[in-house]
Amino acid sequence: MQTFRACRVHATGGAVTARLEQLVLDDLAAGEVVIEAHYSSVNYKDALAATGKGRIMRRFPLVGGVDVAGVVTQSLDPRFRAGDAVLVTGCGLGESHDGGFSEVVRVPSDWVVPLPAGLTLFDAMALGTAGFTAALAVDRLEQNGQKPELGPVVVTGATGGVGSIGIDLLSGRGYDVVALTGKPAAGDYLQGLGAGRVLDRQALGPARGLLESARWGGAVDNVGGDVLSWLLRTTRPWGSIASIGMAGGVELHASVMPFILRGVSVLGITSANCPMPRRLKIWQRLVTDLRPTRLDATVAGIVGLDELPDVFERLLGGQHRGRFVVTMGRD
Ligand SMILES: NC(=O)c1ccc[n+]([C@@H]2O[C@H](COP(=O)([O-])OP(=O)(O)OC[C@H]3O[C@@H](n4cnc5c(N)ncnc54)[C@H](OP(=O)(O)O)[C@@H]3O)[C@@H](O)[C@H]2O)c1
């Protein structure tokens, strides 16, 4: 049986480590579709999973990576045929099922998304879970009535993957985007993506009451914790906050005042288990009315499987800008 390379995560004696290994197809979790992977990408969740800093993986050893894009080589499901270009994000990939950091990936056919016309395999992974999630957030915000006239939309964790692509998508939809970042030196990068203003996260003061001066029409929040509390206190009447991430903390200290006096909404965003009809709709929007215009600028680097452990540390250190695409060296 042919061997291929994969970055597999082991838990031994309480220590979680990722290493490059040679595997065969029988080593991978079962599924109807086998994909020759061309690209994957690195998300914050991948870094948490592969280092054991977050309890993401449900079993060990497990190939990491929540994203993959490639070409079908075998399918037991007539919906897919050898040669089809496809992508998979979330659905348990890299969590409970062997993931995308592998030259060969095998998945249940219900997880597979045909590559949308007009998108390359590379761009599918430049977007990956981060881009899909940013688009899901914009979609939910607008379904809940968000529009540019409500006022500026804050994007937090702005230099990260979801933040960077979120700025691009929102500015393309005509929003006045305010980037909140812990890296004020990244101002040029953020303005290049479409942010009109850049705020320094360190400059946020302590809470001055249950409500504060209402400044924002809405928000895309990748940070959680105190930042989400601040957004709740400062969002204008009828604005919505898409709650995506927890890079700054999982707890939320808030009052009901923003809800009952200002009609502010918090919209939960969960990309991994997004139902397929909505998943297909979001990918279609990403090649039409929500198409990013500055995706190249959000690619922090293109790395091989052997470079992943370094990238995990950089992500957890929060010092990067944008996203890393993983190449399997096929192009
Ligand atoms: N709900 C979902 O379905 C979903 C999907 C994808 C991602 N996520 C979550 O969304 C968040 C962002 O994901 P990502 O892939 O964009 O991650 P990322 O590329 O690592 O970006 C996270 C950003 O958050 C900021 N940050 C880092 N550490 C922080 C801290 N201690 N306090 C406050 N801010 C901090 C940094 O931006 P600045 O320096 O610019 O502030 C960093 O670049 C993560 O929590 C991730 O788990 C959720």
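Can you report the number of residues in the range 168-197 which are hydrophobic (A, V, I, L, M, F, W, C), buried (at least 21 other Cβ atoms within 10 Å of the Cβ) and touching a residue at least 40 places away in the same chain (Cβ under 8 Å)?
Total meeting the criteria: 5.
Hey, among the residues in the range 105-122 that are under 21 Å from Phe324 (Cβ atoms) and in contact with an Asp or Glu (Cβ under 9 Å, 6 or more places away or on another chain), which one's surrounded by the fewest Cβ atoms within 10 Å (Cβ to Cβ)?
Phe122
Kindly state which strands (runs of 3 or more DSSP E) lie completely within the range 1-73 and contain at least 2 residues that are open to solvent by 70 Å² or more (accessible area, probe 1.4 Å).
On the way: elements: 4-12, 15-23, 33-42.
Result: 4-12, 15-23.
Just for the range 171-186: of the residues that are outside any loop (DSSP other than H, G, I, E, B) and within 26 Å of Val326 (Cα to Cα), which one is farthest from the ligand (Cβ to nearest atom)?
Filtering the range 171-186 down to residues outside any loop (DSSP other than H, G, I, E, B) leaves 171-172, 177-181, 184-186.
When the remaining residues are screened for being within 26 Å of Val326 (Cα to Cα), the result is 181, 186.
Details: Thr181: 3, Ala186: 7 Å.
By that ranking, first place goes to Ala186.
Is there a residue being among the hydroxyl-bearing types (Ser, Thr, Tyr) and surrounded by fewer than 24 Cβ atoms within 10 Å (Cβ to Cβ) anywhere in the range 124-139?
No, the range 124-139 contains no residue that is among the hydroxyl-bearing types (Ser, Thr, Tyr) and surrounded by fewer than 24 Cβ atoms within 10 Å (Cβ to Cβ).
The values are calculated or read from the model by the stated rules, or taken from the named source; none is laboratory data. No experiment lies behind these values; they were computed from the predicted model shown. Backbone-built Cβ (ideal geometry, glycine too); neighbour counts: all protein chains shown. The protein model used for the area step is the full one, side chains on, heavy atoms only, and it has no ligands, DNA or RNA in it. Shrake-Rupley method; radii C 1.70, N 1.55, O 1.52, S 1.80 Å.
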